[in-house]
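Enquirer: Before we start, here is the structure in question, set down as structure tokens.
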Amino acid sequence: MDNKEVVSLREAHALQLARPALAQLQPFEPDLADLPIEKMERELGQERVVKLSFNENPYGPSPRAIEAMQRELKHLNLYQDSKGDDLRRTITADLEIEPDQIILTNGADELILLTSLAFLEPDDEVIIPSPTFGQYRASTLAMGAKPLPVPLANFRVDIESILEAVSSRTKIVFLCNPNNPTGTIITQSELDFLIQKLPENILLVIDEAYIDFATYPDCAFGLNTLPQRENILLIRTFSKIHGLAAARVGFGISHTPLINILERIRPPFNVSSIGQAGALASWQDKVYINKMRELNTSNREYLYTLLEAADMSYVPSQANFVLADVKQDAVAVCRKLAESGIIVRSGAGFGLPQHLRITIGRKEDLARLGEVLQDC
Ligand SMILES: Cc1ncc(COP(=O)(O)O)c(C=O)c1O
């Protein structure tokens, strides 16, 4: 028996010990587009790589957030406030809700997992527009529940088809607004219609990771909908417009009883003191966040012009990324871009083999991208 076979035999034994649902999942195996920039640079033998594959803020966090996080360093021997009261009070005061209507989590990812852990049982059905962010499906499978993909229509979440997919087994509907990877929005009237029709015993989860980038006035805003429905959970994150992805801070908004369910399983010290301090300072730095939104909007317009110049089409986006139709094998285009030190996300993983998902980078980096796309 060679070493590989021994490893797989030991894995098979470990899997027998695990809950059966886990047999359907694989560990996260980063490929080139998932690596940190330094590793990309090493792998490609390039001095400077432009990473446009992770929907990160290319300008970094607010200087005020950096200062606040630095101030926390000397207290790292002490456990932090487990509920993050300062951050929760500040956010909820601004949003005009009660402090016990939000829960802080280790990024939005942890909240998605906690939600599945709290509400899903084997054989429950979970409606998930497709393609969308992968963690809704992964956390559903982890609980032994059944993900029910509902195809997008013209790259948009299809509310009618979602309602048609509802059955007596439906436990959760996940929506992502704006949707990753398409950047398209659900309008307020579409959301109002869904809420009117969706049985009240189904949990509606709206992931608003990218909502701060949206500028269309008719974009649905989950907070408007909160008073209309008890079983609703909104997901937000500091990883995107706030530029704090590695600080790992997300939060959920709902009514107090639902938040209290999630609090029962939240690990008490899930958000670090550094994360809490950075998030608080960033939340208060409205000028910086507004500037990030404006830069994103103007750089997105610029990316559109580059795509048009390269004879490629795109889905108009309300997020910090654009889904581009490259009209050829996207993996080959990714490879060509990587040779020039530019990493974007192939649509293949989303079932879109001729599309790229391109994060809105700095203007100068987009210009580099545009030059390579002209030759594709
Ligand atoms: C739609 C969506 N939700 C959640 C996340 C995860 O965010 P976080 O970094 O807060 O875990 C992402 C990350 O890309 C995302 O695209």
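Enquirer: Please name whichever of Y314, Q276, C219 sits farthest to the positive end of the charge dipole of region 207-356, dipole taken about the Cα centre and charges placed at Cβ: Lys and Arg +1, Asp and Glu -1.
Expert: Q276
Enquirer: With a 10 Å cut-off between alpha carbons and a GNM built on the chain, which of Q24, Q135, Q70 moves the most?
Expert: Maximum among the listed residues: Q24.
Enquirer: Convert 20 °C to kelvin, take the viscosity as 1.002 mPa s, use the Kirkwood radius over C-alpha pairs of the chain as Rh, and evaluate the Stokes-Einstein diffusion coefficient in µm²/s, rounded to a whole number.
Expert: 98 µm²/s
Enquirer: Additional query: May I ask you to compute the full-extension gain from Q24 to R48, defined as 0.36 nm times their residue separation minus their alpha-carbon distance, rounded to one decimal in nm? Numbers along the way, then the final one.
Expert: Working: separation 24, 0.36 × 24 = 8.64 nm, distance 3.77 nm.
Here the answer is 4.9 nm.
Enquirer: Give the lysines reachable from K4 as a straight Cα distance under 29 Å; neighbours fewer than 8 places away on the same chain don't count.
Expert: Hits, sequence-local ones excluded: K39.
Enquirer: Rounded to the nearest whole Å³, what is the per residue volume of the convex hull around the Cα atoms of region 231-366?
Expert: That works out to 158 Å³ per residue.
Enquirer: Take the chain, connect every pair of alpha-carbon atoms lying under 10 Å apart with a spring to form a Gaussian network, then pick out the residue of L35, L337, L73 with the largest mean-square fluctuation.
Expert: L73
Enquirer: Do the alpha carbons of any pairs in K240/K363; K51/K286; K74/K291; K240/K286; K74/K286; K171/K197 sit beyond 21 Å of each other, and which pairs? Before the final figure, lay out the partial values.
Expert: On the way: K240/K363 18 Å; K51/K286 26 Å; K74/K291 31 Å; K240/K286 15 Å; K74/K286 27 Å; K171/K197 15 Å.
Over 21 Å apart, Cα to Cα: K51/K286; K74/K291; K74/K286.
Enquirer: Sticking with this structure for a sec: Quote the FRET efficiency, to the nearest 0.05, computed for N201 versus S161 with a Förster distance R0 of 22 Å and r equal to the Cβ-Cβ distance.
Expert: 0.60
Enquirer: Dimensions of region 63-284 along principal axes (Cα, Å, largest first)?
Expert: In descending order, the Cα extents are 55, 38, 28 Å.
Enquirer: Mind checking which aspartates and glutamates have their C-alpha under 12 Å from K336, skipping anything on the same chain fewer than 8 residues away?
Expert: Within the straight-line limit of under 12 Å, K336 reaches these aspartates and glutamates: E371, D375.
Enquirer: Once you mark the GluC sites (Glu not before Pro) that are in a DSSP loop and have at most 15 other Cβ atoms within 10 Å, what is the longest gap between them in the chain? Please report the intermediate quantities before stating the final value.
Expert: On the way: sites that count: E47, E96, E200, E230.
By the stated rule (loop sites, at most 15 other Cβ atoms within 10 Å), 231-376.
Enquirer: Students often forget the sequence filter, so: which aspartates and glutamates lie under 14 Å Cα-Cα from K146 once same-chain residues fewer than 8 apart are removed?
Expert: Within the straight-line limit of under 14 Å, K146 reaches these aspartates and glutamates: E121, D123, D124, E125.
Enquirer: Here's something else I'd like to know. Please identify the DSSP H helices in the chain that span no less than 18 Å along the helix axis (Cα) and have a mean Kyte-Doolittle hydropathy of -1.0 or more.
Expert: 3-17, 107-119, 286-309
Enquirer: Based on alpha-carbon centroids, what's the gap between region 90-153 and region 213-246 in Å, whole number please?
Expert: Answer, in whole Å: 13.
Enquirer: Residues with beta-carbon under 10 Å from that of K171, excluding K171: net charge, scoring Lys, Arg +1 and Asp, Glu -1?
Expert: -2
Enquirer: Kindly provide the helix-only [θ] at 222 nm of the chain, computed as the sum of -39,500 (n - 2.57) over DSSP H runs of four or more divided by all residues, to the nearest 500 deg cm²/dmol?
Expert: -12000 deg cm²/dmol
We did not get these values from a lab; they are worked out from the coordinates using the rules stated. Because the structure is a prediction, the values reported are computed rather than measured. Positions of Cβ are generated from backbone atoms using ideal geometry, with glycine treated the same way; all protein chains shown enter the neighbour counts.
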